[in-house]
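Below is one structure, written out as structure tokens; comments come after it.
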Amino acid sequence: MGLPVGGSTTGAVVAGPDGRTRDRLVTLLLERGAATAAQLGAELGLSPAAIRRHLDAMLADGDVVARDAPARSDRRRGRPAKVFRLTDTARSRHGRYRYDSMAAAALRWIAGHGGDAAVEEFAAAQVAGLEARCRAAIDQAGDDPLARAEALAEALSAEGYAANASTIASGGQLCQHHCPVAHVAAEFPQLCEAETAVISRLIGTHVQRLATIAHGDGVCTTHIPDPRRAEATSTGVAATRGTHPTDPPTNHVTSTVRTDR
């Protein structure tokens, strides 16, 4: 979901190559949630020094905030990398959250008159259209939950969520780098819960939300257990027991299932 050509939707148009670079940085940070100077430079084809010059200016203007990146065991000694994120003011100025206050007020009214059940019903109605569009897009992915997660990531990206799916040891992981309703969902988590239920139904298995942008995380992360791993574990346990819990093992057959595909 990029910005219109020429600048933000509500602020003054910034002319010149520096202005265009800053707009591209804003767009990337809106889509990714947070990124290092090196990551931004690689995406834009600019040197780290050039990117830092723009980020320093954005820091001075109050458009971004910086924090130390999580430490990695393989990282060389030296200054820790900084992760940059847009401030709420910058997000508002670029028109992404200009309706948040009205949406939050509407949900407060619904909650005041109908309680939590009414908010949940509203949230479910809001994601119904998203579910229908994404279901049509992933119907050809087959029954494998991980394959469906990859198809869902593409469908969500087309909806502006900047999503991607990856395979991990315990199954799969769906990451959404942008949330259109993050500020409202911070007050009304029913929106996140309704979206998680949609992901579960679309993929066809139980999923677990590990992090959300609405709660201050950089990315919405959903874990997708691999049913083959659970089945292998269950089979292995059953094979090592007799007909009674105190009986000795009847065999030692185990199954090894690759989950890294």
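Readers should treat all values here as calculations from the given coordinates under stated rules, not as data from a laboratory. All values derive from a computational prediction rather than experimental measurement. When we count neighbours, we look across all protein chains shown, and the Cβ atoms used for this are built from the backbone with ideal geometry, even at glycine.
Tabulated data for the structure shown
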item: Gain on full stretching of the segment that runs from T27 to S166 - 0.36 nm per residue minus C-alpha separation; result: 47.7 nm
item: Point-to-point label distance, D139-L59, nm (Cα→Cβ direction, 7 Å offset); result: 5.2
item: Label point distance in nm, D116-D217, each placed 7 Å from Cα along Cα→Cβ; result: 2.1
item: Contour excess over end-to-end distance, with Cα ends at E193 and R67 and 0.36 nm allotted per residue; result: 42.5 nm
item: Inter-probe distance in nm under a simple model that places probes 7 Å from Cα toward Cβ, at W109 and A125; result: 1.3
item: Rg [Å, one decimal], Dmax [Å, integer] - region 16-56, C-alpha atoms; result: 9.1, 25
item: Contour minus Cα-Cα distance for A42 and D88 (0.36 nm per residue); result: 14.1 nm
